[in-house]
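Here is the structure we will look at.
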């Protein structure tokens, strides 16, 4: 009896996966527990092991790498010696639902019996026959979207219109503009949706005002050269990021507070730790590690910022799990340092080093990539000062960390002493639905003070 | 606007036309002084007398053929079958003569005749009083087929049917006969081949036939609560069929369901589906779905009867299935 | 039923009463000869492959259509059968139009849509011949209903064979015409065979006229090969109809002397002797003999008609052969009214 090898569900939210590579080849003998193939799901690359033994047979129409495959879809078969390949039966089974509606109950279609008839033989054995609705195919053509790379959200993975539209552009948030801005936009031919999309990176989902439209109209006079490169299909990570960012922009009421902290003492502290480290093997905490610990402790004092809006209730989390935004080749990932409030800086440093490494290699486990209650995003290495981070739902706040710059500062107002201090910009975006401005400001204020006076928290 | 029942509105249309044109006469069993089993002619006998409200023997084939001859020679008969099932005895006359005379005479002999009768599965009427049969007539060249669903349409379409020089089937679903709705006071006609959008929506298109229009609207009200906006199209006439309105809707929604109490095989839904695929294949975002009555003679027992008709719940499910495609 | 009368069949038309005037006699003769000569041309054309479908000739039965239609006006309506060439010609369709129709040409009376079995010429009251046995009776009753409703004195006539007598349309059509006193004449051409089925094997009672009593209308049986007998009986039937006295059932006992359909074998169901015996009672030759013997007309007058009709039939053949085919683009025209 042929055993189906299917795209496994490797995480709670996993709907589709992508084959990365086969670790066994067509015809190989496979034992239970041996790794069969690797998949990329959400943000992780995982190895999938065999749960049965047999000879691996990969059908000609099996999913190929870089194609999204629904969880449960057949990838291959494990056969016993001498057993015939089940291609034909498998093709029928896969294709039938896509071409013939399933039988309905007694009250519906008198044709119920036809659903069980085999699919026409012409569809058998065609390689990589992906289901797409005619409408989706037409729209893909019109929008110049390569649908072959898309994953379908229709029944049996059929690519439908919404999949193509989602792929052709990141979901545009509903444009929020003042009536006057709308009128001026109409008069000056400014596309508000485009303007909103362009602004969302820097301004969040703030209302578009007349001034914004005027500015856009002015810049329209000298249009930038159009990028002629072909649109790149969305990777699962890009799509997930797009969805999450859009959802955040749509649903939260973000407010960003910025301040500057004097990090001179913190820099000195880190330099001492680094100097004391006896070998390269020992992890030296990064500024992010230090901030992870610091923020975790601050959140214990300000639980309103370690909260989630769920339905009509605000849930305050007792544990603090800090998500750390990491840029990888695959895109933005946010590995999670669990229970950061109860871990030492050293533990955090070791753990985050491992997490970041795995995320960059695409090997993070799904559980390492979810469940954070607060996120830190550090763009300091790119010489960014302040910015407006987007809240990582379901969290209610995110701390953006800017670069450290030496600056001439007034050290003592009384003595009017001036000195060169190392300064760092801090940007806290919080969801005003969940927390008000003052408590958020107090939280940011505490972070600023602790950064400036490390002794007050490293001992805790 | 005043409210009337479907039957009263249709009867008002009939009497207006009879007053206007003395060549119109009605034949049927019990349509004279009795006024018709379904009150299709109540009160008309007193106005127009026995020659224009002609009670017949139970000779369906006979008066089908007779009225065909009358239509060829200057009169405008309205044949009232009471139950459309009774017309089946006259099928040979209908198909071989009525439908073909205009063509065979190369347009020189008109065929101004209306065949009306009640259709549909209602109230444990059992298998000889529950038929729909319209796909038989839409299949044949030479017939017009009208399935009104509102009192307003019943009157406006019946008047158009009577004025038409073509043979028209005017089919009245029994579930609709007592339904009430607004009917204009002033005279109006409703042309054939113009579908009515009963509910506008953008998520899916449902074409519903006859009594299924109201069932579908109930289903859509339920789905509207979940933010699902369905467009419901009432074709009103099945021949000619206003495919353009359906195509326009499918262009918008990408999804089509046809809800029809009548049987699926070779039915109206099959025809609509084929046309939409031929004319708007690239608009389709999902396979076209059909929801039909069960392909069986109509049983009597209410529990069996209910099992063979699409109800609101089944329509809701079918729309959900369509949206999940 | 008191009103039902059955005329005795007679070999001698003179017994039927006074002869009509000479112009009528010549017209009856001419009509029969037109039918005969035209159909002889049709039969030849059929053998030459010029006629494409079926061709049911009326040869031997000309007296019936001729005798009945002689009383009809152009606005009276007749409904006929698959054997309808004679009715069409007797009602006023020209040999040209009939021939061209069987040749499938646009100049045919149905513009090439009908052929032998679907002849339409509403301009002269030919409301259609039919490939189906029975409907003529219902549709003629309907014409009668129209004419009565519209308060005219027009009449509807149904021609049908003995084969239709056992069809439900006979019962339903005659019954309704009778109960509503419709101006209709039901003309049964009893030629003794439904294709090849003897009438006697299709019914226990072969007296069609006697069935009139069942429905309460006059049932008259006449010698269908005697044009004058038919003419006299039809005169009364048409009078009754125009006077609002109701329908009449006219049984004309006759015989077709060619096969059911051109090209079909004509053996096995009737004897050569039977056919020969009926040929001696050919309606044209017996009529000719009779009127000449009585001195009402002279040979020259009939010869003139013979020559004229001969030319008419020849001309019809040439006309049909030279007529254009219908435009294929019109193949689906007029399924519905333009209105």
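Taking the condition at pLDDT 95 or above and part of a loop (DSSP other than H, G, I, E, B), does residue C:217 pass? Yes; evaluated as a whole, the condition is true for this residue.
Residue B:144 passes every criterion in (1) more than 26 Å from residue C:168 (Cβ to Cβ); (2) facing another protein chain (nearest Cβ under 9 Å); (3) out of contact with any strand residue (DSSP E or B) (no Cβ under 6 Å at 6 or more places or on another chain) apart from (3).
Taken as a whole, the range A:9-28 holds no residue that is farther than 23 Å from residue A:149 by Cβ, in a strand (DSSP E or B) and at pLDDT 80 or above. Being under 24 Å from residue A:430 (Cβ atoms), at pLDDT below 70 and within 33 Å of the chain's Cα centre (by Cα) is a description that does not apply to residue A:196.
Within the range A:371-384, can you find the residues that are surrounded by 15 or more Cβ atoms within 10 Å (Cβ to Cβ) and touching a strand residue (DSSP E or B) at 6+ places or on another chain (Cβ under 7 Å)? Outline the logic, then answer.
To start, the set of residues in the range A:371-384 that are surrounded by 15 or more Cβ atoms within 10 Å (Cβ to Cβ) comprises A:372-380, A:384.
Answer for the range A:371-384, where residues must be surrounded by 15 or more Cβ atoms within 10 Å (Cβ to Cβ) and touching a strand residue (DSSP E or B) at 6+ places or on another chain (Cβ under 7 Å): A:372, A:374, A:375, A:376, A:377, A:378, A:379, A:380, A:384.
Taking the listed residues A:106, A:119, the one that is assigned to a loop (DSSP other than H, G, I, E, B), assigned by TED's automatic domain parsing to the domain that holds residue A:36, at pLDDT below 50 and closer than 28 Å to residue B:204 by Cβ is A:119, with no other qualifying. The set of residues from the range C:318-339 being on the phi < 0 side of the Ramachandran plot and at the interface with chain B (Cβ under 8 Å from one of its Cβ atoms) comprises C:332, C:333, C:335, C:336, C:337, C:338, C:339.
Residues in the range C:154-208 that are surrounded by fewer than 24 Cβ atoms within 10 Å (Cβ to Cβ), assigned to a loop (DSSP other than H, G, I, E, B) and within 11 Å of chain B (Cβ to nearest Cβ): 4 in all.
Of the residues that make up the range A:133-146, is at least one out of contact with any strand residue (DSSP E or B) (no Cβ under 7 Å at 6 or more places or on another chain), at pLDDT below 85 and in a helix (DSSP H, G or I)? No: the range A:133-146 contains no residue that is out of contact with any strand residue (DSSP E or B) (no Cβ under 7 Å at 6 or more places or on another chain), at pLDDT below 85 and in a helix (DSSP H, G or I). Just one of the listed residues (A:401, A:405) is part of a strand (DSSP E or B) and within 22 Å of residue A:329 (Cα to Cα), namely A:401.
What's the total number of residues in the range C:118-128 that are in a helix (DSSP H, G or I) and facing chain B (nearest Cβ under 10 Å)? Steps first, answer last, please.
Applying the first criterion (in a helix (DSSP H, G or I)) to the range C:118-128 yields C:122-124.
Remaining after also requiring facing chain B (nearest Cβ under 10 Å): C:122-123.
The total comes to 2.
Of all the listed residues (C:228, C:250), the sole one being touching a helix residue (DSSP H, G or I) at 6+ places or on another chain (Cβ under 6 Å), within 19 Å of residue C:160 (Cα to Cα) and crowded, with 24+ Cβ neighbours inside 10 Å is C:250.
Being more than 14 Å from chain B (Cβ to nearest Cβ), assigned to a loop (DSSP other than H, G, I, E, B), modelled with pLDDT of 95 or more and over 30 Å from residue B:169 (Cα atoms) is the requirement here; does residue C:258 meet it? It is false that residue C:258 is more than 14 Å from chain B (Cβ to nearest Cβ), assigned to a loop (DSSP other than H, G, I, E, B), modelled with pLDDT of 95 or more and over 30 Å from residue B:169 (Cα atoms).
Residue-by-condition table, conditions (1) assigned to a helix (DSSP H, G or I); (2) within 7 Å of another protein chain (Cβ to nearest Cβ); (3) in contact with a strand residue (DSSP E or B) (Cβ under 8 Å, 6 or more places away or on another chain); (4) farther than 27 Å from residue B:251 by Cα:
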{"site": "B:285", "(1), (2), (3), (4)": "no, yes, no, no"}
{"site": "B:290", "(1), (2), (3), (4)": "no, yes, yes, no"}
{"site": "B:296", "(1), (2), (3), (4)": "no, no, no, yes"}
{"site": "B:299", "(1), (2), (3), (4)": "no, no, no, yes"}
{"site": "B:315", "(1), (2), (3), (4)": "yes, no, yes, no"}
{"site": "B:318", "(1), (2), (3), (4)": "yes, yes, yes, no"}
{"site": "B:323", "(1), (2), (3), (4)": "yes, no, yes, no"}
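Cβ separations smaller than 9 Å between residues 6+ apart or across chains give the following pairs from the range B:267-280 residues that are under 16 Å from residue B:140 (Cα atoms) to residues that are at pLDDT below 95: B:267/A:110.
In the range B:57-84, what residues are within 13 Å of chain C (Cβ to nearest Cβ), surrounded by fewer than 24 Cβ atoms within 10 Å (Cβ to Cβ) and touching a strand residue (DSSP E or B) at 6+ places or on another chain (Cβ under 9 Å)? Steps first, please.
Within the range B:57-84, the subset within 13 Å of chain C (Cβ to nearest Cβ) is B:57-79.
Imposing the further condition that a residue be surrounded by fewer than 24 Cβ atoms within 10 Å (Cβ to Cβ) reduces the set to B:57-60, B:74.
B:60, the sole residue that qualifies.
Among residues belonging to the range A:408-448 that are touching a residue at least 12 places away in the same chain (Cβ under 8 Å) and out of contact with any strand residue (DSSP E or B) (no Cβ under 8 Å at 6 or more places or on another chain), point out the one that is farthest from residue A:384 (Cα to Cα). Looking at the filtered set, the residue picked out is A:439.
Residue C:145 meets each of the listed conditions (1) out of contact with any helix residue (DSSP H, G or I) (no Cβ under 6 Å at 6 or more places or on another chain); (2) at the interface with chain B (Cβ under 9 Å from one of its Cβ atoms); (3) in a helix (DSSP H, G or I); (4) without any contact (Cβ under 8 Å) to a residue 60 or more places away in the chain apart from (1). Entry remark, the range C:316-339: residues being part of a loop (DSSP other than H, G, I, E, B), free of Cβ contacts under 8 Å to residues at least 40 places away in the same chain and surrounded by fewer than 18 Cβ atoms within 10 Å (Cβ to Cβ) number 7 in total. Just one residue in the set B:244, B:262 is assigned to a helix (DSSP H, G or I), more than 9 Å from chain A (Cβ to nearest Cβ) and under 21 Å from the mean Cα position of the chain (by Cα); that residue is B:244. Are there helices (runs of 4 or more DSSP H) fully within the range C:16-93 with at least 1 residues that are at pLDDT below 95 and within 20 Å of residue C:161 (Cβ to Cβ)? List them. Passing ranges, in order: C:22-47.
Regarding residue B:38, is this residue in a helix (DSSP H, G or I) and either more than 21 Å from residue C:177 (Cα to Cα) or within 14 Å of another protein chain (Cβ to nearest Cβ) (or both)? Taking the combined requirement at face value, the residue does not satisfy it.
Listed residues C:115, C:104, C:84, C:131; which is away from chain B (no Cβ under 12 Å) and surrounded by fewer than 24 Cβ atoms within 10 Å (Cβ to Cβ)? I'd like the intermediate steps shown before the answer.
Working: C:115 fails: away from chain B (no Cβ under 12 Å); C:84 fails: surrounded by fewer than 24 Cβ atoms within 10 Å (Cβ to Cβ); C:131 fails: away from chain B (no Cβ under 12 Å).
Going through C:115, C:104, C:84, C:131 in turn, the sole match is C:104.
Checked against (1) in contact with a helix residue (DSSP H, G or I) (Cβ under 6 Å, 6 or more places away or on another chain); (2) within 27 Å of residue C:275 (Cβ to Cβ), residue C:175 passes all but condition (2). For the range B:301-313, the tally of residues that are over 23 Å from the mean Cα position of the chain (by Cα) and part of a helix (DSSP H, G or I) stands at 4.
From the set of residues in the range B:85-94 that are surrounded by fewer than 23 Cβ atoms within 10 Å (Cβ to Cβ) and closer than 18 Å to residue B:31 by Cα, which is nearest to the other protein chains (Cβ to nearest Cβ)? Steps first, answer last, please.
Taking the range B:85-94 first, the residues surrounded by fewer than 23 Cβ atoms within 10 Å (Cβ to Cβ) are B:85-86, B:88-89, B:91-92.
Going one step further and asking which of them are closer than 18 Å to residue B:31 by Cα, we end up with B:85-86.
Working: B:85: 18, B:86: 14 Å.
The selected residue is B:86.
Does residue C:245 qualify as being part of a loop (DSSP other than H, G, I, E, B), in contact (Cβ under 8 Å) with a residue 12 or more places away in the chain and under 30 Å from residue C:182 (Cβ atoms)? For residue C:245, the condition - part of a loop (DSSP other than H, G, I, E, B), in contact (Cβ under 8 Å) with a residue 12 or more places away in the chain and under 30 Å from residue C:182 (Cβ atoms) - is met.
The values are calculated or read from the model by the stated rules, or taken from the named source; none is laboratory data. Since the structure is predicted, the reported quantities are computational estimates derived from the model, not experimental observations. Every residue, glycine among them, receives a Cβ derived from its backbone with ideal geometry; neighbour counts consider all protein chains shown.
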